[in-house]
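For reference, the structure discussed in these notes is given below.
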Amino acid sequence: MSLTHRTAWEVVKQQFLYKLRSNAAVFTVLFVLQIISMVLMNGAAMTSEMGTGSFELEWNSISTDGVMGLTFFWAMVFGFLMTTPGQRNAAYLYVATPLTENLANFCLFGFASLIAGITTVLSGGFVKLLAQLQDVQLITETAGLFSEPYQFFTRVLAMAVYTFLTMMIVYTIFIIIQRNRLLILPFILLWFAVSQSTTPSNWLGDVIDFFYNEHSILLFLGKAGVTAVLMAALSLVISKRIEVKVS
Amino acid sequence: MMLGTVIITLLASSIAIVIWKMKRGTRLGFSRTTHFIFMGSYIALLIVILIVSELMAQTQNRPDLKRVSASQQEFDVDRAIITGKPIPEEELLIERLHEVKGSLTIKQSDYGYNLHYYIERSKNGGNQVIERVYRPSLINGEDSNGYDISNYVQVNLPKWTDDEVNVPMQPTQKLVFTSFHDSNVISQFTNQQTLEYYNGYSMRSMKVYLIVPDSVQLNIQLESDSYNEITRD
């Protein structure tokens, strides 16, 4: 046994800790985005006013949709950031391989997703408190932590998994683009095709429904796990070629 | 609009700064320790706020609103009055008896919102008019998942003076409700997915159902589309 010999897992762990420390500011950005959404956008408030004659009804609907939306936006940016050359070059500080480099990134995504999941669901308490302090007729449609803790934690799980998948998908896309910059064109065209689509059903909608319509936690985790493994394998294969190309 | 522009500008500039700094491999203004302290403090603060809001929710008075059941949504009071079918008790606002002398005048007035009369002639004789007022129903949303707000709608009951009845102007009222729900996307394992947005509402008119004996002469001064005369075999 050699003192200088390090297992792959030790390298991954060291790289993960290094990446976590060097990307600490990214987490601060997430929290700032969430605070902006909670305070300025009031979660994501929607108001409908209706009236007839002497009668008027105003219905304000507040939710954590805004916080969730900005968190997904942050996840996309984070996924992209991890593919930048600056991040990849950091791997040279360690005796790293593309495998350990990618595994460390995935660990970081996992940690970031967990933080994003926890803070997004917890932010509901802040949005609710703001409404409670405004002395309004408040109807709480979502069960709280005390009344239904199980449902509370399933929301944390769902948010964490969706954030992780977002990061993995964006990461894989940008790894592909790093391999060949021209490949950005098909992705842009694809994005426009989907966003401009007027048909009620499209393949992107079907993909989202594939996860969103799943009400069994185990099956949802299975689907997300298989997707993440496929993304991980794809990004690993491509990033190996990028390394060869760079060297 | 202004606020939205400010938010988008803030977001775009903060993201641009982070990307630029990360690509250059430089740190943002704070030290790493500060970022982790901020992370811990933020999560701890959110936990405390969540507990406070949960405790407040248990002590605050909440509006007594119930979801509309499909059967309630489908129940048609107008049809039930015309066909003589039983009407659920909760639809009835008040039932009163009025003694009239010889004739009854039903006057047209400005109600403020929809109202419909149903006038049935009974062959029982006598001079007692039965008056049943069915509440206006108010349901937010456009499907059966909405809330029944009917109990919050204030109603001025018909005024009876001697042998005359009219409905006074309904009170000016503004109802304001706020609903909170977690994002539906992350509530997929719960049974608490809700309407994203309460678009519109349905309001059924107040109904005044009068059962007037044949012996009482009727003077109906209503517009033809604001009442129905019912004759039973």
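For the subset of region B:190-213 comprising residues that are at pLDDT 85 or above and buried (at least 19 other Cβ atoms within 10 Å of the Cβ), which member is farthest from residue B:68 (Cα to Cα)?
B:212
Filter region B:127-161 down to the residues that are more than 15 Å from residue B:209 (Cβ to Cβ), surrounded by 18 or more Cβ atoms within 10 Å (Cβ to Cβ) and without any contact (Cβ under 8 Å) to a residue 60 or more places away in the chain and list them by number.
B:150, B:153
If I filter region B:217-232 for residues that are under 30 Å from residue A:62 (Cβ atoms), assigned by TED's automatic domain parsing to the domain that holds residue B:135 and either at pLDDT below 85 or loosely packed, with under 15 Cβ neighbours inside 10 Å (or both), do I get at least one hit?
no
Does residue A:138 satisfy the condition of being touching a strand residue (DSSP E or B) at 6+ places or on another chain (Cβ under 7 Å) and crowded, with 18+ Cβ neighbours inside 10 Å?
Yes: the conditions hold for residue A:138.
Looking at the structure I just gave you, is residue A:111 farther than 18 Å from residue B:187 by Cα and modelled with pLDDT of 95 or more?
yes
Based on this model, can you work out whether residue A:171 counts as surrounded by 22 or more Cβ atoms within 10 Å (Cβ to Cβ) and part of a helix (DSSP H, G or I)?
Answer is yes for this residue.
Only one of (1) at pLDDT below 90; (2) closer than 18 Å to residue B:49 by Cβ; (3) touching an Asp or Glu at 6+ places or on another chain (Cβ under 7 Å); (4) assigned to a helix (DSSP H, G or I) is not met by residue A:132, so which one is it?
(3)
Within region A:177-189, does at least one residue satisfy the condition of being within 14 Å of residue A:82 (Cα to Cα) and hydrophobic (A, V, I, L, M, F, W, C)?
Within region A:177-189, one or more residues are within 14 Å of residue A:82 (Cα to Cα) and hydrophobic (A, V, I, L, M, F, W, C).
Tell me, please, whether a residue that is modelled with pLDDT under 85 and not acidic (Asp, Glu) can be found in region A:75-84.
yes
Inspect region A:141-155 for any residue being surrounded by fewer than 23 Cβ atoms within 10 Å (Cβ to Cβ), more than 30 Å from residue A:241 (Cβ to Cβ), within 11 Å of another protein chain (Cβ to nearest Cβ) and touching a residue at least 24 places away in the same chain (Cβ under 8 Å) and give the result as yes or no.
yes
What residue, among those in region B:154-168 that are part of a loop (DSSP other than H, G, I, E, B) and modelled with pLDDT of 85 or more, is farthest from residue B:117 (Cα to Cα)? Outline the logic, then answer.
Residues of region B:154-168 part of a loop (DSSP other than H, G, I, E, B): B:154-158, B:162-163, B:167-168.
Still in the list and also modelled with pLDDT of 85 or more: B:154-158, B:163, B:167-168.
Values: B:154: 19, B:155: 15, B:156: 15, B:157: 13, B:158: 11, B:163: 17, B:167: 10, B:168: 14 Å.
Only one residue tops the list, namely B:154.
Restricting to region B:135-153, what's the tally of residues that are polar (S, T, N, Q) and either outside the structural domain of residue B:97 (by TED's automatic domain parsing) or not in a strand (DSSP E or B) (or both)?
4
Given region B:30-130, what helices (runs of 4 or more DSSP H) lie entirely inside it while holding 1 or more residues that are within 14 Å of chain A (Cβ to nearest Cβ)?
Of the helices (runs of 4 or more DSSP H) lying wholly inside region B:30-130, those with at least 1 residues that are within 14 Å of chain A (Cβ to nearest Cβ) span B:32-59.
Is there a residue in region B:90-103 that is under 16 Å from residue B:230 (Cα atoms) and β-branched (Val, Ile, Thr)?
no
Going by the structure shown, is residue A:89 modelled with pLDDT under 90 and part of a helix (DSSP H, G or I)? Don't jump to the end; show me each part of the working.
On the way: modelled with pLDDT under 90: yes; part of a helix (DSSP H, G or I): yes.
Here the answer is yes, as residue A:89 does meet what is asked.
Testing residue A:126 on (1) free of Cβ contacts under 8 Å to residues at least 40 places away in the same chain; (2) over 15 Å from the mean Cα position of the chain (by Cα); (3) at the interface with another protein chain (Cβ under 7 Å from one of its Cβ atoms), one condition comes back false. Which one is that?
If we test residue A:126 against (1) free of Cβ contacts under 8 Å to residues at least 40 places away in the same chain; (2) over 15 Å from the mean Cα position of the chain (by Cα); (3) at the interface with another protein chain (Cβ under 7 Å from one of its Cβ atoms), just (1) comes out false.
The values are calculated or read from the model by the stated rules, or taken from the named source; none is laboratory data. Keep in mind the model is a prediction, meaning the values are calculated, not measured. Cβ: placed from backbone, ideal geometry, glycine included. Neighbour counts: every protein chain shown.
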